[in-house]
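Colleague: Encoded as structure tokens, here's the structure I'll be asking about.
The values are calculated or read from the model by the stated rules, or taken from the named source; none is laboratory data. What you see is a predicted model; the values in this text were computed from it and never measured. Cβ sites come from the backbone with ideal geometry, for glycine too, and all protein chains shown count toward neighbours.
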Amino acid sequence: MKKDVIIGTLLGDSSMSIRSGKPHYSIKFEQGEMHKEYIFHLYEIFKAYVGSPPTYRYIDKAQTRKVAFGYSSF
């Protein structure tokens, strides 16, 4: 199930990064505040792999508040 969620969100609105020169992969789920329930739902699916719950952050360029958390695998 987690694999399906990762694939589906990568095709949609999540992003994945790879650290150069090291076997480190991470995925970030980020949405506007109006979709925070969705972010918390994804967090419930991946919380065993995440160090902290979703956090709010401001995107200066758009002056919008977003909810985000990341999932990292080493």
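Colleague: Within segment 1-45, take every residue that is in contact (Cβ under 8 Å) with a residue 24 or more places away in the chain and hydroxyl-bearing (Ser, Thr, Tyr) and give me the one that is nearest to Tyr56 (Cα to Cα).
Modeller: Tyr43
Colleague: I need the full set of residues from segment 1-18 which are surrounded by 12 or more Cβ atoms within 10 Å (Cβ to Cβ) and in a strand (DSSP E or B), in order please. Even if it seems obvious, please write down each step before you answer.
Modeller: Narrowing segment 1-18 to residues surrounded by 12 or more Cβ atoms within 10 Å (Cβ to Cβ): 5-6, 9-10, 13-17.
Selection gives Ser15, Met16, Ser17.
Colleague: Right, next: Restricting segment 29-67 to residues that are part of a strand (DSSP E or B) and surrounded by 15 or more Cβ atoms within 10 Å (Cβ to Cβ), which is modelled with the lowest pLDDT?
Modeller: Filtering first and then ranking leaves Val67.
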